[in-house]
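Student: Structure in structure tokens, see below.
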Amino acid sequence: MACDWLLVDGSSVMFRAFFGVPTTVRSPRGEPVNAVRGFLDMLARLVTDRNPRALVVATDRDWRPAFRVEVIASYKTHRLVRGAMPAELEPQEPIILAVLEVIGVQAIGAAGYEAEDVIASLLPKLQGTVEIVTGDRDLFALVRDPDVRVLYTQQGIGRLAVVDEAEVERRYGIPGRRYGDFAVLRGDPSDGLPGVPGVGEKTAAQLIRRYGDLDALLQSGRLGPEAARYVERARRVAMPVATAAVPMPHARRPREAGDPAALARLEERYGIAGSTGRLLQALRGRA
């Protein structure tokens, strides 16, 4: 099924590529390029399968933004110990971005924001159908039928779960546009967000079904003062924000490499010609 816009959560897909391809995959000089090759191959598969008119890769410019930490200090604190990304992945990110640049695939980030915020900030600028590729459930909050849905990579690029409003309702028993409110109540330990004490997934869903949204829940007085204060803070942290300054992206995907000479140098340097060739072949395909 073709879409107008394919927005790829670059950080999420890059991590999946790194852990999905053995680190024994190396450049001619012995450097790890497993994430580079995996990312490009995944992107090629996505373009082939989804046939988007336009393609954007959203990037993290700050994986732990100050505006979130100032509100809830525990936000992603557990990741400070091990770092933002594995040591062998970190040097591969600039290679991925360099390849995308010379091919002409637009990668967009914004200082002080995560990729999820970049995607949320791009949506108001776009017309037509949008598919968001991510392994981050936070982006379920952006689902809007019939125009915006998430392709969830829980089972890999080859078996994407299509998440629309009906799927949100099926999974969580809540109205399809209320995932963000539900997530605030439930919390997310992987992001250092504890949630409302005593409120798990089942109770969070019951509260959303009964009151409709967080505003109505807060106005009802159902939550105690401490829980209400947490909700007011957490809703500013847990949900993607649309306040990042992002440009209007190109409305057409590239058909040929924008800088073939620079691409050839990268292919030789890192031994990735097979992966770049597959991506270019996919980009030239039907659209």
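Student: Taking into account only those residues within segment 56-66 that are without any contact (Cβ under 8 Å) to a residue 60 or more places away in the chain and not in a loop (DSSP other than H, G, I, E, B), which is nearest to the chain's Cα centre (by Cα)?
Tutor: V57
Student: Do you know which residues across segment 77-121 are out of contact with any Phe, Trp or Tyr (no Cβ under 7 Å at 6 or more places or on another chain), charged (D, E, K, R) and surrounded by 15 or more Cβ atoms within 10 Å (Cβ to Cβ)?
Tutor: Within segment 77-121, R79, E93, E101, E116, D117 qualify.
Student: Within the bounds of segment 250-263, is there any residue that is in contact with a Pro (Cβ under 7 Å, 6 or more places away or on another chain) and farther than 30 Å from R64 by Cβ?
Tutor: Looking through segment 250-263, at least one residue is in contact with a Pro (Cβ under 7 Å, 6 or more places away or on another chain) and farther than 30 Å from R64 by Cβ.
Student: Moving on. In segment 21-36, how many residues are under 19 Å from the mean Cα position of the chain (by Cα) and of a type in the set (K, R)?
Tutor: Going through segment 21-36 one residue at a time, the tally reaches 0.
Student: If you don't mind, there's one more thing I want to ask. For segment 262-287, name all the residues that are over 14 Å from V36 (Cβ atoms), of a type outside the set (G, A, S) and surrounded by 14 or more Cβ atoms within 10 Å (Cβ to Cβ).
Tutor: Of everything in segment 262-287, those that are over 14 Å from V36 (Cβ atoms), of a type outside the set (G, A, S) and surrounded by 14 or more Cβ atoms within 10 Å (Cβ to Cβ) turn out to be L280, L283.
Student: Give me the pairs: first residue in segment 254-282 and under 11 Å from L40 (Cα atoms), second residue among the aromatic types (F, W, Y) and assigned to a helix (DSSP H, G or I), beta-carbon distance under 9 Å, and six or more apart or on different chains, which are they?
Tutor: Pairs that qualify, where the first residue is under 11 Å from L40 (Cα atoms) and the partner is among the aromatic types (F, W, Y) and assigned to a helix (DSSP H, G or I), are S275/F39.
Student: Continuing with the same structure: Are any of the residues in segment 204-215 touching a residue at least 12 places away in the same chain (Cβ under 8 Å), part of a loop (DSSP other than H, G, I, E, B) and of a type in the set (K, R)?
Tutor: No.
Student: Suppose the filter is under 21 Å from the mean Cα position of the chain (by Cα) and exposed (fewer than 13 other Cβ atoms within 10 Å of the Cβ); does A251 pass it?
Tutor: Spelling it out, A251 is indeed under 21 Å from the mean Cα position of the chain (by Cα) and exposed (fewer than 13 other Cβ atoms within 10 Å of the Cβ).
Student: Sort through R82, R29, R64 and tell me the only one that's modelled with pLDDT of 95 or more, of a type in the set (D, E, K, R) and more than 17 Å from V150 (Cα to Cα).
Tutor: The conditions single out R29.
Student: Does segment 46-58 contain at least one residue that is more than 23 Å from D147 (Cβ to Cβ) and not aromatic (F, W, Y)?
Tutor: No, the conditions are met nowhere in segment 46-58.
Student: Within segment 141-160, which residues are in a strand (DSSP E or B) and touching a Ser or Thr at 6+ places or on another chain (Cβ under 9 Å)?
Tutor: Selection gives V148, R149, V150, L151, Y152.
Student: Can you report the number of residues in segment 223-282 which are outside any loop (DSSP other than H, G, I, E, B) and among the acidic types (D, E)?
Tutor: 4
Student: Inside segment 34-55, can you point out the residues that are surrounded by fewer than 24 Cβ atoms within 10 Å (Cβ to Cβ) and in a strand (DSSP E or B)?
Tutor: Correct list: A54 only.
Each row is one residue, and each column tells you yes or no for (1) in contact (Cβ under 8 Å) with a residue 60 or more places away in the chain; (2) touching an Asp or Glu at 6+ places or on another chain (Cβ under 7 Å); (3) among the hydroxyl-bearing types (S, T, Y).
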site	(1), (2), (3)
Y113	yes, yes, yes
V118	yes, no, no
T134	yes, yes, yes
R144	no, no, no
L151	yes, yes, no
R159	no, no, no
E167	no, no, no
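Student: Looking at G192, is it of a type in the set (G, A, S) and touching a residue at least 24 places away in the same chain (Cβ under 8 Å)?
Tutor: So G192 fits the description; yes.
Student: Moving on to the next point. Looking at segment 240-267 only, could you name the residues that are of a type outside the set (D, E, K, R) and farther than 23 Å from G128 by Cα?
Tutor: A257, G258, P260, A261, A262, L263, A264, L266, listed by residue number.
The values are calculated or read from the model by the stated rules, or taken from the named source; none is laboratory data. Just so it is clear, the model here is predicted, and its values are computed rather than measured. With ideal geometry, Cβ positions are generated from the backbone for all residues, glycine too; neighbour counts draw on all protein chains shown.
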